[in-house]
1. If neighbour count is taken as other Cβ atoms inside 10 Å, put D452, D167, D415, D420 in order from fewest to most.
2. Taking a virtual spin label 7 Å from the Cα of R279 along the C-beta vector, which residues in region 297-315 bring their backbone nitrogen under 20 Å of it?
3. Given 0.36 nm per residue, what is the gain on full extension from Q160 to E197 after removing their alpha carbon distance, in nm?
4. Go through Y390, A407, L354 and say which Cα lies farthest out towards the positive end of the charge dipole of region 319-436; charges sit on Cβ, +1 for Lys and Arg, -1 for Asp and Glu.
5. Whole Å is fine, so just give me how far the alpha carbon centre of region 340-370 lies from that of region 232-251.
6. Expected output is a single nm value to one decimal: the length gained when fully extending between A183 and W460, i.e. 0.36 nm times separation in residues minus the C-alpha distance. What is it?
7. At most 15 other Cβ atoms within 10 Å and a DSSP loop assignment: could you name the chymotrypsin sites (Phe, Trp or Tyr not before Pro) in region 269-371 that fit?
8. Put +1 on the Cβ of each Lys and Arg and -1 on the Cβ of each Asp and Glu in region 151-245; which of V154, L198, S237 then has its Cα farthest toward the positive end of the dipole?
Amino acid sequence: DKVCVLSSFRHARIPFHKVNISIIMFDFRENILLTQLQIGNLPRLTRKLDTIQDQTTDSRQCMACSYISVSLPGPVRRHKDRAQNNATTNISPRTQANLRLRLVDMSNSEQALDSTNEAVNKASNEATNPSFAPQHILVTGGAGFIGANFVHWVARNHPQAHMTVLDALTYAGKRENLDGVPAANLTFVHGNICDAELVESLFSGLNQRSAAAVPPIDAIVHFAAESHNDNSILDASPFLNTNVTGTYVLLEAARRHDIRFHDISTDEVYGDLALDEQRKFTELSPYKPSSPYSASKAASDHLVRAWHRTHGLKTTISNCSNNYGPYQHVEKFIPRQITNILAGIRPKLYGQGLAVRDWISVEDHCSAIWTILTRGRIGETYLVGANGEYNNIDVLRMILKLMGRDANDFDHVNDRPGGDKRYAIDATKLQTELGWVPKYTDFKEGLAATIDWYRAHESWWMPDKAGTEEKYRKQGH
Ligand code: NAD
Ligand code: TDX
């Protein structure tokens, strides 16, 4: 029947976003745990307490919050004792006022318990949005590498969801990437995201094959993009069209129809990190894109953020690190090296191969997207990564070894102009707030499975191989 609260975060110098807070309600008289609620960080705690209070004021119901526990992340553990001492300090009247939490004696009202549990659960649901279960998702770029993996993943794991894929089938997209997705889960529309009329028609149901059986679109997951840095150096115009204008067209449609919008973005918007530092990108890293590609993705992110802030569009953004897995175009680093070896061409390493990429299995990226779409907080950005930092030369040597080649059996070629040195993701927010964890953390195993996939799908990649290599030859790559 006492309320205690950790009251001096500032003195402990712990960044708010790194402190995990739970509210624990404990009936000291009966010695039983009533509720344990994971909250997240301090701003969320304050919001949640507000919500709880708002819900309890009118009905004159009450709640008792016995104490608030905190768990601290690794680097600041030395503050733990101090912080926990603070956690047992009685809440001062001033802090109570700040938190707008009323103190009551729970033993005075049996009903208090039920209403408290209900209010707490409701507040928790609202904060993490777990109730959003998309019925019909518009997946733009769903015939490309990550989009196609996402469509397969959703059809396997959430078969109740229908997906309409809108894809222009550029050099990077193939309709056959969606072969095997049950017809009940999929409508395919061949078209461009910059075509505002076509996009609008998707929401009026005209293009839905069995409109009667399929619910209206209630979410957009936006993958469609020009995605390759080297191409953006040769000609940036398709990047500006698709990655900027295309995003704008979709945002406007989402705004007209009040549709939930999840934007698939990249860690490249943050520029690069030095090879000799420990720092990783976080959601607070400043935007500092290096290439025409990453600049166009940064522009796309900024539009999404602006549509949320100005128009109140329900948006989320995920910025992910380098993906690997099936269906990736042979222009990208890992598939290029595997298919070079399979085609009898020597692998090509840019410069000295010291640039570092933070690799994640595309399956893990897909599960992260679903987690954010269904439980992420509106207006938020989440970084997605799986602690897979390797430099290019090490990755190439792993591939050579896994494919039974000599570790030096490759050529050094021109480096990429302005090439980013290192990407690294700190995915703490996604992990602690939404409980997401990567499943495929053995990179070498993932690489071996990817090699097997390209071995078994020669007819999938072979038609693109000669043209891609010819283009690279002209670039000195
Ligand atoms: P991809 O190039 O393999 O696929 C892009 C897809 O978009 C293709 O199917 C293409 O036909 C389609 N498309 C392109 N322009 C279009 C247009 N104007 N209208 C409709 N469809 C169009 O790309 P990917 O690697 O699967 O990347 C998907 C998304 O994920 C992109 O937004 C990319 O920026 C982002 N991303 C990629 C990675 C990665 O490692 N590949 C990492 C982080 C983020
Ligand atoms: O043949 C090559 N040899 C080589 O050494 C190629 C194609 C690349 N490289 C190097 C350049 C980069 O340092 O490998 C690294 C990875 O290159 P890419 O596969 O082109 O990926 P990257 O430029 O890191 O961008 C990728 O990750 C972030 C995706 O293509 C982007 O869409 C995503 O946003």
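1. D452, D415, D420, D167
2. Within reach of a label on R279, which here means backbone N under 20 Å from a point 7 Å along Cα→Cβ, region 297-315 contributes 298.
3. Difference between extended and current length: 10.5 nm.
4. Farthest towards the positive end: A407.
5. 24
6. 97.6 nm
7. Y287
8. Result: V154, furthest along the dipole toward the positive end.
Read the figures in this text as sums done on the coordinates, not as results from a lab. All values derive from a computational prediction rather than experimental measurement. Backbone-built Cβ (ideal geometry, glycine too); neighbour counts: all protein chains shown.
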